[in-house]
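Trainee: The structure is given below, and queries will be raised subsequently.
The values are calculated or read from the model by the stated rules, or taken from the named source; none is laboratory data. As the structure is a prediction and not an experimental result, all values here were calculated from the model. Using ideal geometry, Cβ is built from the backbone for each residue, glycine included, and neighbour counts are taken over all protein chains shown. The accessibility values were calculated without ligands, DNA or RNA, using every heavy atom of the protein model including side chains. Shrake-Rupley method; radii C 1.70, N 1.55, O 1.52, S 1.80 Å.
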Amino acid sequence: MSRTFAHLLPSALDAETLAGLDPLSRVNDLLLLLERWVERGWLRALDKAFVAFLADLDPEADSLVLLAAALTSHQLGHGHVCLDLYETLKEPDFALSLPPEGDVLSTPMLLPSALLKTLDGATWCRALADSTLVAKAGDNSEASAQKPLVLSERRLYLRRYWTYERRIDAALHRRLAQAEPAPSDLAQRLNALFGPADPGVIDWQKLACALATRAAFSIITGGPGTGKTTTVVRLLALLQSPAVERGKPLRIRLAAPTGKAAARLTESISHQVQSLKVSEDARQKIPSEVTTVHRLLGSRPGTRHFRHHAGNPLPLDVLVVDEASMIDLEMMANLLDALPPHARMVLLGDKDQLASVEAGAVLGDLCRDAEAGMYSPQTQAWLESVSGEDLSKSGLQQGDSVQHTLAQQVVMLRHSRRFGEGSGIGQLAKLVNQQQDQDARALLAARTYPDLFSLALKGEQDRALSRLLLDGHGNGPQGYRHYLGVMHAQRPQNVASIDDPRCIEWARKVLDAFDEFQLLCAVRKGPWGVEGLNQRITQTLFNAQLIESDQQWYEGRPVLMTRNDYGLGLMNGDIGIALRLPEGTPEENRQALRVAFPRNDGSGGVRFVLPSRLNDVETVYAMTVHKSQGSEFAHTALILPEALNPVLTKELIYTGITRAKNWFSLVEPRQGVFEEALRRKVKRLSGLMLDL
């Protein structure tokens, strides 16, 4: 393969003329090509800048190395921790952000497939291994530590992400090797919390609690309604009760990635702790307050660093992290670093949900054997002895405790209590997760389930969409008219001060009413994306005289925090609603807009913030599916774009469906996109836990 890229550029110069130029010219050729890719939106400007930085470090760098660096950086932006060189050579063009339906073949600009068509993986790996910019995995020399890229067999990493992955891998190896003494009367305690075993049904919650008592790390995964929160409450009782009896209660902390997820878990645990069959002393030592992961670690604004780390570990004995599918590689590395050596960590989450927005799919990687089980004979025998459950008919595959070490500490909950046999939402979520696109379509078309609706639009101006957004469906699912009706009809009268409890009660009712319905989008741009739909819905509500203005701030405007604001105590993902409230003295009888946000402490309280203090908010009639993770809505409507998009996968559809508690509506501007999305599955490349 020629190492000059001149023939790929729309230039009068030909390859023969440039073939004899020095290495600097060849690098400049590549940088010019990357610039053209950036102009077309195929590559990020950041990726091209990274390559320019590497070229400054080594002006004689091999162009194959620089091209691999550009693709690795770009793939990082799509959630991939590394670049698999051999997989890339199978479909090189997929390493760029090519337009999903654009005619790229007619463009004069050539693609990676043209650059790499005569290259094989072994040759590419050798070029990287010989580069002064690339360190080899396992080389711990000081010189190697200064190199910005790392090659591990066939995977190329940016050093920072290689380091995160190794930190996680090492921490989990240590924790999985760290046996914890289970209570001697574990079987009796399990029966007290769960009751005796039922021969007809396996109690996976009971098994999850049992496994989590015997090691410093465990995972409880399962879909919506499978009882992850119920399980962890009983697990905390199982761990805390004997500790309280010994006079040494455990320090337990609970965390979630977003304020919304933290608030939901706080409320759920607060209710469930009261019904636990444990002593009052133990009950008092089971916490219900859930904080965000950033707050737990002590985020330092403007930096990637936290107050708690390996040198200043968290003061706790047990850490439970909910919605762990949203935890990216960097955050998981920071959490494990900050965990004291003696502490237990329990991850809760749905392995089938969308992965984190940032790089990595940590929970998915760690739960790769969850469906099959892969318990060793020793693990299965121990579980049966302490739980009374019979796993012989469970359908689980048998594993090996050496080859499947991690699997011995993972339990998948399999019975949904939210979506029963009569739930169309549950049936649809199951079919989507199994990528049964034709069966999923048939289920929607049959209209036999009262909790499932589908709406095929006839164009951008189809008024059926406005009717859905305003009024939902008939007398059942609500639309946005509902929360605005609550805002107007239940406004407290003769209120003189914002501190009047009636203001807080009213604001809470409006916030709760808003949670009755949410429109979710797959994308941000275009007529079917968040930005276009938020404008359209605002105009629709204004035309219907449900809001007083369609401009920046008006009463009833719902807003989403897009960044953490520690000064205000608001987190990314928090939702507030602008309300007109009393201001000044009672005699002045003045009112001003304040934005009401729910307090994320389980109190049911509300905080009021002046709009002028909110710099990082956006209107949230429509939000992305990614932003909705950790939330539930009585009626959820998912609207798909007209064209297939890289973000459209079965995980996105599944996550959108499972945000719905009571009703789900699918809105389709074009038929066929739903089925096409279901056939595509998120595949995030990493090397995490390959040996566990």
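Trainee: Would you confirm, using the coordinates I've provided, whether LYS661 is free of Cβ contacts under 8 Å to residues at least 40 places away in the same chain, open to solvent by 40 Å² or more (accessible area, probe 1.4 Å) and at negative phi? Steps first, answer last, please.
Mentor: Working: free of Cβ contacts under 8 Å to residues at least 40 places away in the same chain: no; open to solvent by 40 Å² or more (accessible area, probe 1.4 Å): yes; at negative phi: yes.
When the stated conditions are applied, LYS661 does not pass them.
Trainee: If you don't mind, another one. State yes or no: is GLN545 at pLDDT below 90 and farther than 20 Å from ASP512 by Cα? Spell out the reasoning first.
Mentor: Numbers: at pLDDT below 90: no; farther than 20 Å from ASP512 by Cα: yes.
No; evaluated as a whole, the condition is false for this residue.
Trainee: Please go through the stretch 618-638 and pick out each residue that is open to solvent by less than 10 Å² (accessible area, probe 1.4 Å) and within 13 Å of GLU531 (Cβ to Cβ).
Mentor: Of everything in the stretch 618-638, those that are open to solvent by less than 10 Å² (accessible area, probe 1.4 Å) and within 13 Å of GLU531 (Cβ to Cβ) turn out to be VAL620, TYR621, ALA622, MET623.
Trainee: Then there's this: Which numbered condition trips up ILE575, out of (1) modelled with pLDDT under 90; (2) open to solvent by less than 50 Å² (accessible area, probe 1.4 Å); (3) not aromatic (Phe, Trp, Tyr)?
Mentor: Answer for ILE575: the failing condition is (1).
Trainee: Is there a residue in the stretch 286-301 that is outside any helix (DSSP H, G or I), touching an Asp or Glu at 6+ places or on another chain (Cβ under 8 Å) and open to solvent by 30 Å² or more (accessible area, probe 1.4 Å)?
Mentor: yes
Trainee: I need the full set of residues from the stretch 252-272 which are part of a helix (DSSP H, G or I), buried (at least 19 other Cβ atoms within 10 Å of the Cβ) and in contact with a helix residue (DSSP H, G or I) (Cβ under 7 Å, 6 or more places away or on another chain), in order please.
Mentor: LEU265, SER268, ILE269 - these are the residues of the stretch 252-272 that are part of a helix (DSSP H, G or I), buried (at least 19 other Cβ atoms within 10 Å of the Cβ) and in contact with a helix residue (DSSP H, G or I) (Cβ under 7 Å, 6 or more places away or on another chain).
Trainee: Something else: Restricting attention to the stretch 273-282, which residues are assigned to a helix (DSSP H, G or I), over 30 Å from GLY573 (Cβ atoms) and touching a residue at least 40 places away in the same chain (Cβ under 8 Å)?
Mentor: Step one: of the stretch 273-282, the residues assigned to a helix (DSSP H, G or I) are 273, 280-282.
Cutting the leftovers down to over 30 Å from GLY573 (Cβ atoms) gives us 280-282.
Correct list: ALA282 only.
Trainee: Let me ask you something else. So which residues in the stretch 645-659 are in contact with an Asp or Glu (Cβ under 8 Å, 6 or more places away or on another chain) and under 22 Å from ARG536 (Cβ atoms), if there are any at all?
Mentor: Those that are in contact with an Asp or Glu (Cβ under 8 Å, 6 or more places away or on another chain) and under 22 Å from ARG536 (Cβ atoms): LEU648, ARG659.
Trainee: Which of the residues spanning the stretch 36-48 are within 22 Å of SER131 (Cβ to Cβ) and surrounded by 15 or more Cβ atoms within 10 Å (Cβ to Cβ)?
Mentor: Residues of the stretch 36-48 that are within 22 Å of SER131 (Cβ to Cβ), as a first pass: 37, 43, 46-48.
Hits for the stretch 36-48 are TRP37, LEU43, ASP47, LYS48.
Trainee: Restricting the search to the stretch 312-332, which residues are buried (at least 24 other Cβ atoms within 10 Å of the Cβ) and not polar (S, T, N, Q)? Reasoning before the result, please.
Mentor: The initial filter retains those residues of the stretch 312-332 that are buried (at least 24 other Cβ atoms within 10 Å of the Cβ), namely 320-327, 329, 332.
Within the stretch 312-332, VAL320, VAL321, ASP322, GLU323, ALA324, MET326, ILE327, LEU329, MET332 meet the criteria.
Trainee: Looking for something over 30 Å from CYS82 (Cβ atoms) and open to solvent by 30 Å² or more (accessible area, probe 1.4 Å) - is there at least one such residue anywhere in the stretch 154-172? Let's see the steps before the verdict.
Mentor: The initial filter retains those residues of the stretch 154-172 that are over 30 Å from CYS82 (Cβ atoms), namely none.
Within the stretch 154-172, none of the residues are over 30 Å from CYS82 (Cβ atoms) and open to solvent by 30 Å² or more (accessible area, probe 1.4 Å).
Trainee: How many residues are open to solvent by 10 Å² or more (accessible area, probe 1.4 Å), outside any loop (DSSP other than H, G, I, E, B) and not aliphatic (A, V, I, L, M) when one looks only at the stretch 51-87?
Mentor: Total satisfying the criteria: 6.
Trainee: Another one. Looking at the stretch 240-251, is at least one residue under 30 Å from PRO598 (Cα atoms), in contact with a strand residue (DSSP E or B) (Cβ under 9 Å, 6 or more places away or on another chain) and either of a type in the set (A, V, I, L, M, F, W, C) or open to solvent by 10 Å² or more (accessible area, probe 1.4 Å) (or both)?
Mentor: Yes.
Trainee: Among what's in the stretch 529-564 and is touching a strand residue (DSSP E or B) at 6+ places or on another chain (Cβ under 6 Å) and closer than 18 Å to ALA637 by Cβ, pick the residue that is surrounded by the fewest Cβ atoms within 10 Å (Cβ to Cβ).
Mentor: GLY529
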